[in-house]
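Report on the structure given below.
The values are calculated or read from the model by the stated rules, or taken from the named source; none is laboratory data. All values derive from a computational prediction rather than experimental measurement. No Cβ is skipped: glycine too gets one built from the backbone with ideal geometry, and neighbour counts run over all protein chains shown.
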Amino acid sequence: MRPTESINAVSPHTARDDEDDDPLGDDAFSPVSTPSDLIQLSPLDKQRESLQTYINSVPYECEPIEQMQEKLKFIVDKISVCIKTRNWLVLTTWDGMLQW
């Protein structure tokens, strides 16, 4: 008996039988794990995607990203006015809004 014959005698399964047992097929462990891996995202898009992932993970409801951006723009506009007018006391109030 040759060595290959003894292996086949011990293991009646062939490589083809093993493929049939795999319900996911050969593509189960492809290197691309998410659709976003297929395209290059800009840094802003990556930040938005990260924020959306965080929003989806919290156990409570959050406002949409667009509404967050509007609030941030409002605060930054107020900070800009305080800096132009050198109103440092009010500036600390709006700066505190960013920390909240």
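The C-beta contact set for the stretch 84-100 (first residue in contact (Cβ under 8 Å) with a residue 40 or more places away in the chain, second residue outside any helix (DSSP H, G or I) and loosely packed, with under 10 Cβ neighbours inside 10 Å, distance under 7 angstrom, 6+ apart or interchain) is empty.
If you take the residues of the stretch 34-56 that are of a type in the set (Val, Ile, Thr) and at pLDDT 85 or above, which of them is nearest to Gln69 (Cα to Cα)? Checked the stretch 34-56; the qualifying residue nearest to Gln69 (Cα to Cα) is Ile55.
If Arg16 meets every condition in (1) exposed (fewer than 10 other Cβ atoms within 10 Å of the Cβ); (2) basic (Lys, Arg); (3) modelled with pLDDT of 80 or more apart from one, which number is that one? Here Arg16 meets the rest and fails (3). Of all the listed residues (Pro59, Pro31), the sole one being at pLDDT below 80 and outside any helix (DSSP H, G or I) is Pro31. Look at the stretch 57-70: where a residue is closer than 16 Å to Asp45 by Cβ and a partner is surrounded by 10 or more Cβ atoms within 10 Å (Cβ to Cβ) and of a type in the set (D, E, K, R), sitting 6+ places away or on another chain with Cβ atoms under 9 Å, you get Ile65/Arg48.
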